[in-house]
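Every number in this text was worked out from the coordinates using simple rules, so none of it is lab data. Note that the structure is a prediction, hence the values are computed from the model and not measured. In this analysis, Cβ positions are derived from the backbone assuming ideal geometry, glycine residues included, and neighbour counts consider all displayed protein chains.
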Amino acid sequence: MPFTPPSRTLSGPRRRTLLASAAGALALAGCSSPESSTDTTGGSPSAADRARARGARDSLALAERYATVITTHPALAERLRPLRAEVVRHAAAFGTAEDASASASPSPSASASASASASASPTAPVDEKGALAGLAAAERTLADQRAKTLLEVPGELARLLASVAAAGAAHAFLLTEGTK
């Protein structure tokens, strides 16, 4: 018996071809240019630039607070130096201090972070337990603030804020570990 082709001939592309084309189109759509870091409205800094500058400023203020506690309580230096080094790296990840002061503009959330930074006074509590608790509270407050801010910024900066907020929460845990 001879082979007979099906009576219905296929017209147009096959299902696999369509699926592969759709997958390719989705992959290409994901490869778009990065978001612009400045708005086109008058050259003012974008929300991302302000958040990045605020992140750098807040990290530098927290690093200063760590330095003050280390100076006041040298017995805690070994425990606090690695955490302070991480906070300094966070500031560098957000940008330099010059970038932070140059591109920062006053905003409601910036004034909230300024008040949080202002509460990080240059004097540390007299007792070590109080100094550690103060650092832990500062880390927690900053981590919470960054977690809220990450909802307002574009992808890569949101990931950075989430990572730094998680590190801050871990620092708060490490600072309170064994002090209760």
What nm value, rounded to one decimal, do you get for the distance between Glu128 and Phe3 when each label is placed 7 Å out toward the C-beta? 8.5 nm
Expected output is a single nm value to one decimal: the length gained when fully extending between Ala166 and Ala47, i.e. 0.36 nm times separation in residues minus the C-alpha distance. What is it? 40.7 nm
Additional length obtainable on full extension of the chain from Phe173 to Thr72, 0.36 nm per residue less Cα span: 34.2 nm
Packing-based order for 170-176, 157-163, 72-78, using average beta carbon neighbours within 10 Å, highest first: 170-176, 157-163, 72-78
